[in-house]
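The block underneath contains the structure these notes are about, expressed in structure tokens.
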Amino acid sequence: MPNVTDFDSSVNPAIAVWEGPLGLPEFNKIADADFEAALATAFPAHLVEMDAIADNYATPSFENTIVALEKSGELLDRAAGIFWNLTGSNTNETLQALELKLSPEFSRHYSAITMNPALFARINALYQARDGLDLDAEAARVLKLTWKSFVRAGAQLDAEDQTKLKAINERLATLGTIFSQNVLADEAGYALVLETAEDLKGLPDSLIANMAAAADERNYVGKHAVTLSRAIIEPFLTFSERRDLRETAFCAWVARGEKSGVRDNRPLVAETVKLRAEKAALLGYDSFAHFKLDNTMAKTPENVCALLETVWGKARTRALEETVELADMVAMEGQNHSVQPWDWRHYSEKVRSERYAFNEAEVKPYLQLEKMIEAAFYTAERLFGVTFRKVDDVTAYHPDVRVFEALNSVGQRVAVFLGDYFARSSKRSGAWMSSFQDQHKLGDGQTPIVVNVMNFAKAPAGEPILIDMENARTLFHEFGHALHGMLSNVTYPSISGTSVNRDFVELPSQLFEHWLMTPEVLQRFAVHHETGEVIPQALLDKMRAAEKFNKGFANVEFTSSALVDMEFHALDPDRAADIDPMAFQADVLAGLNMPEAIVMRHATPHFAHVFAGDGYSAGYYSYMWSGVLDADAFQAFEEAGGAFDAVTAEKLKRFIYTSGGSMDPEDAYIAFRGKLPTPDALLAKEGLA
């Protein structure tokens, strides 16, 4: 860790040196405005380090080039680690203004590094001589990935094309930031206020309590608010008997990012697609999809589309069958309207209740948030031998954030875990895992500091916080990501934790979801919030019988989004030059014969996975690709005789959760499972076989 005296007086020492409990930053000593000064120092300091590596008179070696790169930029890492986490989970006008200003500066900074010809010359010399360097497997992979990352960032382009690429990258960084801020503004600014008992018709007590808390937070005291947080909007659409209110809320939900004026994301998408196509062409790829997939397990758009289309055909057929069932339920109630998107969740719940004598509201009293957090911790302990101890006297970046110490089997700290579970207007929607710092073993090494961010609805003071099964799965999913970061055991920072191929990164998270539904977990932690009664076996049986219900809808929602993502990014520069994003989306969906009663899970103007940065651009499919892996991976435990089989868990930990990017994903999976999977297990899991 650096010393305070290593930096000039303009840098807040609390950003540069983390001296809080457990090695956390002292958040209460950091002001929003401090980040600009810290980064103004960090950027040039990092470039000085890069120049020192590039201009080293000594012959390039792995130590003086690659290891030096891995060790560089500590102040930048610390400042950025705090800054980007805050902009996502606890932002404000000051941070948003800084985010907009700094996003292109980050892009410009990293372009200066990857396009430094002397620096790349040293990396390239090592890469070309790699077979004679006597590197171990991990070091050899770091060298390969470093070389490839520089090439993909334009290191081999001529000066003119590098200038073009720099400008494209900077503009894309700005566009992604504006896109994200627009969606957040639409979400934070919306509330459908309900004032009468009739407005609440059909809603379960727990949802009414959540909506009362949301109304109080927005100063609608004594009323109830439908917000655009999934924890409220989805159950409202499911249970509300007021079709007019369902339509109003649904239309607001799907229209995020699509309002005319300064918050309109449609022109941002058009420009983003155009620039991405130009970027790919500069780098020698047929399309941006080809560029992104070149560095994944899938390899090509053709492989991705083969999987998506296999699922699409089966899912669409099933969804049309489901539509008929819902229409029959509408008719049984004496209504004569067709099934519309704001009807689907409502009537599918009624059909499920009738067919399986199962109602989601029956389960919710047994799913206390606190118990589900305990359940995730218990599962990690049973599988991987890691325990979690809550630390109460630590101040994080928001009063709601909980701090835990992750301990190994002999009581040594292996990570720090932050749990940020509740929705607020300063937080973007969804759920995610991030880190303040990543694990590595260079020098003195570094303990990972990992955060899970959720958007669960708060209950009124003194009442238990109940979540539905979908939110419980989300909690397990994100904790699977967190374990991937916390259990990392690699030497080099660049391959730590979740620094793996995009279509492999969802395996640890989606796989971890499976344990939520095991008898060992449910019978221990799914207990009634009033009586303490364990969830009845009869209710579990009904729930499991209904697991594959409505899977046509769920897979059409997802797969249509993934296919639209791929189509946007399969465009060459000429075709991408001047598109109307909504007309393009409509054309793709028409070509798929999209069922009229279902919409994309993420319509283009709020498709943050794809357009708020390029993390999942041409990559939304990866949830399904990883779904093939996770369905097959859990079968390994079933074949071994139990969900907590110790031998299988040890292999899972060693090859999947601790190895980070130190192995090629295919090699890592084969080392765990002995073979690569086919889509069969996924289709069976989804009830589409």
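Every number here is computed from the coordinates shown, using simple stated rules; none is lab data. Keep in mind it's a predicted model, so treat the numbers as computed, not measured. As a convention, Cβ positions derive from the backbone with ideal geometry for all residues, glycine included, and neighbour counts pool all protein chains shown.
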What are the lysines whose alpha-carbon lies under 19 Å from the alpha-carbon of Lys390, with same-chain residues fewer than 8 places away excluded?
Lys371
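Please work out the ratio of the alpha-carbon Rg of segment 190-254 to 2.2 N^0.38 Å and round it to two decimals.
0.96
For Ala118 and Asp574, what does the FRET efficiency come to when R0 = 45 Å and r is the distance between their Cβ atoms, rounded to the nearest 0.05?
0.80
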Leading residue at positive end of dipole, segment 4-156 (Cβ point charges), from Ala137, Pro25, Leu75
Ala137
What ranking of Cys251, Cys305 emerges when the number of other C-beta atoms within 10 Å of each C-beta is taken as an exposure proxy, fewest first?
Cys251, Cys305
Taking the Cα centre of the chain as origin, sum charge times position over the Cβ atoms of Lys and Arg (+1) and Asp and Glu (-1), and report the length of that vector in debye to the nearest 20.
320 debye
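Before rounding to the nearest 500, sum -39500 (n - 2.57) across all DSSP H runs of length at least 4 in the chain and divide by the residue total; then give [θ] at 222 nm in deg cm²/dmol.
When only DSSP H runs of four or more count, the value is -17000 deg cm²/dmol.
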Note, ³J(HN,Hα) from phi for segment 500-514, Karplus 6.51, -1.76, 1.60, rounded to Hz, x at Gly and Pro
10, 4, 4, 8, 10, 5, 7, 4, x, 7, 5, 5, 5, 4, 4
Let me have the relative contact order for segment 4-156, percent, based on Cα pairs under 8 Å that are six or more residues apart.
23 percent
On a 0 to 90° scale, report how tilted helix 622-640 is relative to the longest principal axis of the chain, with both axes built from alpha carbons and the result rounded to the nearest 10.
80 degrees
Less than 19 Å from a label point 7 Å out along the Cα-to-Cβ axis of Asn219: which backbone N atoms in segment 73-93 qualify, by residue?
92-93
Can you give me the relative contact order of segment 456-608 as a percent, contacts being Cα pairs under 8 Å and 6 or more apart?
16 percent
Using a cut-off of 21 Å between alpha-carbon atoms, which lysines can reach Lys71, once sequence neighbours fewer than 8 places away in the same chain are excluded?
Lys144, Lys148, Lys441
Note the listed values (i) 42, 34, 30; (ii) 51, 33, 25; (iii) 40, 29, 27, then indicate which one is semi-axes √(5λ) of the Cα gyration tensor in Å calculated from this particular structure.
(iii)
Given contacts defined as C-alpha pairs under 8 Å and at least six residues apart, what's the relative contact order of the chain, whole-number percent?
16 percent
Are any of the pairs Lys427/Lys458; Lys164/Lys274; Lys551/Lys675; Lys259/Lys427; Lys201/Lys350 more than 18 Å apart by Cα-Cα distance, and if so, which?
Lys551/Lys675; Lys259/Lys427
Distant-in-sequence amide H partners of Ile465 (H built 1.01 Å from N, under 5 Å):
Leu369, Glu370
